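Report on the structure given below.
None of the figures in this text is laboratory data; all of them are computed from the coordinates on show. Bear in mind that the values here come from a model prediction, so they are computed numbers and not experimental data. Ideal geometry is used to build each Cβ from the backbone, glycine not excepted, and the neighbour counts take in all protein chains shown.
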Amino acid sequence: MPKCKYDWPEAGERRLIGKRISRIDGPVKSSGRAKYSYDVNLPGMLCAKMLGCPYAHAKIVSIDTSEAEKLPGVKVVRVIQGPGTEIQWEGDEVVAVAAVTEEIAEDALSKIKVEYEQLPHLVHEEVLTEVGDRGKPAAEIKSGDPDAAFKDKNSVISEGTYGASVIAHCCLEAHGGVYDWPDENTLVTWHSTQNVSGVPGQLAEALGIPAGNVRTICNYMGGGFGSKFGPDRWGMVGAQLAKEAGRPVKLMLPRDAELKLAGGRPSHFAKIRVVAKRDGTVTGWESDSWSTGGPGGGGMPPIPYVLEVPNRVMRHTSVATNIGPTRAWRAPNHPQACLLTMAALDDSAAKLNMDALEFFYKNAGLAGERGEIYRQELRIAADLAGWKNFWHPRGDKTPGPIKRGLGMSMHTWGGRGHNSNCTVTIQPDGSVEVALGSQDLGTGTRTVIALSAAETFGLPIEAITVRIGDSKDPASGASGGSTTVGGVSSSTRRGSVDALEAFLAKLAPSFGVEASALEAANGYVRVKADPSQRLTWKQACAKLGVTPIQASGKNPGPCNLISSGVGGVQIADVSVDTETGLVKINKFVAVQDCGLILDMKTAESQCYGAIIMGITYSLFEEKIMDRVTGRMLNPNMEFYKLAGIGDIGEIIVHMMTGPGYDERGVIGLGEPPVISPGAAISNAVANAIGVRVPTIPITPQKVLAALQKGGKA
Amino acid sequence: MSRKKDKPRKTAEEIAALSRRDFLKGAGVAVSGGLLAGDAVGVAAPEMAGQVLGPGPVPFKLHINGKAYKVNLEPRVTLLDALRNHLDLTGAKKVCDRGTCGSCTVLLDDKPVYACGVLAIEAAGHRITTIEGLSHGDHLHPVMEAFVEHDAQQCGFCTPGFVMSCKAFLDRHPNPTPEEIEKGLGGNLCRCGTYVGVRQAVMDAAKAMKGGRSHA
């Protein structure tokens, strides 16, 4: 059967795919030359700041900006939300100021007087009985016969309460950008975004100008994690201030606003009962979950996660709070669902006195067609973690205050590829450019684009110029849900194959053969049957005269270049100081499949990074809210804590490759490895100290409380 | 609401192509190049000693990467804001703005400092080295090369600060142990989670820097 012409090369023919390639924008980043949105400085540029509401729930009564307007250096004062508006979280933006310096803009904010009528707020939802009428029944799903499963006399029931608090995105490059109007009808935005091609349309609609008149440029962006898809209020306000001032405006959120406003992962809590046969077969699940994502409440997590327990009933309550707005957070809802499920199942295994590895291995069949992949991964992960040597039944019985434990978890994610268009150009001077309105969040998008083109043209990766980060280039999708690598690599592959085909057709006469008899390989264009008949790539391009070859590439398109659906297994090895409550990561093992890996180096980086982010949300991260004032108590980086270089232990990443994996095509990797750390670490802590710390982050205080409670029981 | 228009119009293409020189010209900053190490450094500080300065702008000089910059800034302006907002040296990043994350790390007389925690006027009279001063054209500092090789960067926003800290750390610990690395580089935070690469990069850069190559 003929191979589909755009297919990725077979294993033996790959020069670059699957190798360890350094990211192509590494030098420009490490030398500090990469210009992020925050770094754009334009002549005459103003600095904008926004005044936030100090209350978690309030109505604006009056606003007086007169003193601010009088301040020398202040150019525009703009009310964002006027009197009568009901504010739903602390920090929500009320007035914006643009001034000649950052300091003057700050001064101006302090001169604005806003009168509020305070309204009752709720910023704590971890105890469902305390949320009053803010909690609303939201869903009930039933499958099989859970009642019968729980009544079975030969089965064992375990139960517990588990949860994950609301956390922030904490992108190191804050949200915002630089906004400029070259003329009354044209807007240029250097907006920090995961959605270069999508921002102009959203802004244009709101501003009432044609979408084609808005251009978004984002060459480098300092982290998004799901929180930078839209223009956002600050994008709109920045554009409006710039128009009113007739000067460019930079509006970046300060760190406190970034943490309060610019993201938030919904909380998920659940009271869960699991029933299993004495041999470890899980037969039933019952959960009462609740969550919040702010004033809109929160939806039901996808539980039971990964493992489809046959008899199950899930009830959910949505809790409306004033904690702040919610946004997609890397693998939306999966880390929380994973924690709830894998912790409850791990408790079931403990109740059965079973080895957790054996228990999960036995139940992997509930994962459907991916069951066998999970079993393979469980075996590999257990070996790498030294499970046989270091795992023990609940509670480390060795003397001394430091207790060690191991815990595991399993996760899944989709993938596929977003819609992507690109232009591939071969120039007579030998240069090759791929251009598309995509963005590189730090995942290595530029690098996989270059790699896909270089592989196709038989050129070194340095020979490819990648132009992304400009909405003037062919539209490519937003970077979210691990869809980018699939989208951009396949559009690039298709565009490159077509460009090469056109190129070879043009060269065929000078070789005196059919185009199909030619190939591009190792930097040459040559006759397949007689490789000594060849031209260097540059010589061949020179034959184009003055006309470049250009082709468009698209995704979706013909041939199966991408796919969807991955499984991963992770094991945490921790030590817990039972005197201080401190949890230390000794070792963390991640085994992950993601189809055909384009660049092994950046793929592994995604896993390392996701695990470190996972360690952070498992042990440190939380929006700490003050019950009395409704304010966030830690809107800064000394108390909204990220793991440091000394907090992560040894991390081992094992990528599943080869037959059974490669032929599936490319699958994204941004989300999967960030899902399991919460559950794996929670299970490891329970294994170490013998009791479950019910919620993450697992702070020293919670560890000590769990020990105290466990000791009494 | 006030409305003041005083900007010369440029096309989108012109704006996109604006250089640092255009920005500095607009900002009224004077640069004198060719400053030798130690030359003229220390002049500005004694002049100001004992005076009450501000709150309005104060003229002084900053010595950055071997060049002297005359600036006129309010005393409350941080070194970080002076670099980024007034001198268009944007390698140092503004992230936490309160001395926690290390993304704005620069060297003050070879000592790493958080530029957000130093007033620009305090830095007068000191030798300031920013990430821009650590590479020359295509010639990267060994720490930068090691960051590329070990993929010690993802979004890259913490990276310049991390590189500066690593450079300063290696100057003091040419043969670092893993424990020293964890302690010595604990003042730089990364959200993407690049620490595994950073640990390898530091060990590798330590070897390269002992290879007898001289660097800024």
Scan region A:414-519 for GluC sites (Glu not before Pro) in coil per DSSP, keeping those whose Cβ has at most 12 other Cβ atoms within 10 Å, and list them by number.
-> A:Glu514
Treating the beta-carbon of each Lys and Arg as +1 and of each Asp and Glu as -1, no other charges, what is the dipole magnitude of chain A about its Cα centre, to the nearest 20 debye?
-> 1000
Taking +1 at the Cβ of each Lys and Arg and -1 at the Cβ of each Asp and Glu, which of B:Pro176, A:Phe588, A:Gly407 sits farthest along the dipole of the protein assembly as shown towards its positive end, judged by Cα position relative to the Cα centre?
-> B:Pro176
How many percent of DSSP beta bridges within chain A run antiparallel, rounded to 5?
-> 75
Most packed first (mean Cβ within 10 Å per residue), the peptides A:669-679, B:93-103 order as A:669-679, B:93-103
Burial ranking of peptide ranges A:569-580, B:196-207, A:528-539 (average Cβ count within 10 Å, highest at the top) | A:569-580, B:196-207, A:528-539
So between A:Ile380 and A:Thr129, what do we pick up on full extension, going 0.36 nm a residue minus the alpha carbon distance?
-> 86.0 nm
Which of the chymotrypsin sites (Phe, Trp or Tyr not before Pro) found in region B:156-209 are loop residues per DSSP with 13 or fewer other Cβ atoms within 10 Å of their Cβ?
-> none
Are there any helices in chain A, counted as whole DSSP H runs, that stretch 30 Å or more along their axis by Cα and score at least -0.5 on average by Kyte-Doolittle, and if so which?
-> A:484-511
Pairwise label distance in nanometres, A:Ser62 with A:Asp279, each label 7 Å out on the Cα-Cβ vector | 7.8
Of A:Lys260/A:Lys709; A:Lys142/A:Lys397; A:Lys136/A:Lys260; A:Lys142/A:Lys351, which pairs sit farther than 31 Å apart, going by alpha carbon to alpha carbon?
-> A:Lys260/A:Lys709; A:Lys142/A:Lys397
Inter-site label distance for A:Ala211 and A:Arg627 at 7 Å from Cα along Cβ, in nm = 4.9
Near A:Lys113, which lysines are there with a Cα under 20 Å away, not counting those fewer than 8 places off in the same chain?
-> A:Lys49, A:Lys59, A:Lys70, A:Lys75
Which whole-number percent of Cα pairs in chain A have a distance greater than 45 Å?
-> 29
Describe numerically, in nm with one decimal, the distance between label points set 7 Å from Cα along Cα→Cβ at A:Glu140 and at A:Glu358.
-> 3.9
So which of A:Lys228/A:Lys271; A:Lys29/A:Lys243; A:Lys153/A:Lys277 end up more than 21 Å apart by C-alpha?
-> A:Lys228/A:Lys271; A:Lys29/A:Lys243
Counting pairs of Cα atoms in region A:10-101, how many percent are more than 20 Å apart?
-> 62
Based on the Cα coordinates of region B:135-216, what is the per residue volume of their convex hull in Å³?
-> 86
Cβ-isolated cysteines (cut-off 4.7 Å), chain A = A:Cys47, A:Cys53, A:Cys170, A:Cys171, A:Cys218, A:Cys338, A:Cys422, A:Cys541, A:Cys594, A:Cys607
Excluding residues fewer than 8 positions from B:Lys61 in its own chain, the lysines with Cα under 28 Å of it are A:Lys35, A:Lys250, B:Lys25, B:Lys70, B:Lys93, B:Lys94, B:Lys111, B:Lys167
Antiparallel DSSP beta bridges within region A:581-713, percent to nearest 5 = 20
Inter-chain shielding metric for A:172-185, i.e. average beta-carbon neighbours from other chains within 10 angstrom, reads 4
Over all Cα pairs of region A:76-226, the Kirkwood radius sets Rh, and Rg/Rh then becomes 1.14
For A:Leu582 and A:Lys70, calculate 0.36 nm times their separation in residues minus their Cα-Cα distance, and state this gained length in nm to one decimal.
-> 179.0 nm
Output field shielding_mean for A:299-309 (other chain Cβ, 10 Å radius) holds 0
Between A:His191 and residues 5 or more places away or on another chain, which pairs have amide H atoms under 5 Å apart, with H built 1.01 Å from N, and which residues are they?
-> A:Val178, A:Ile217
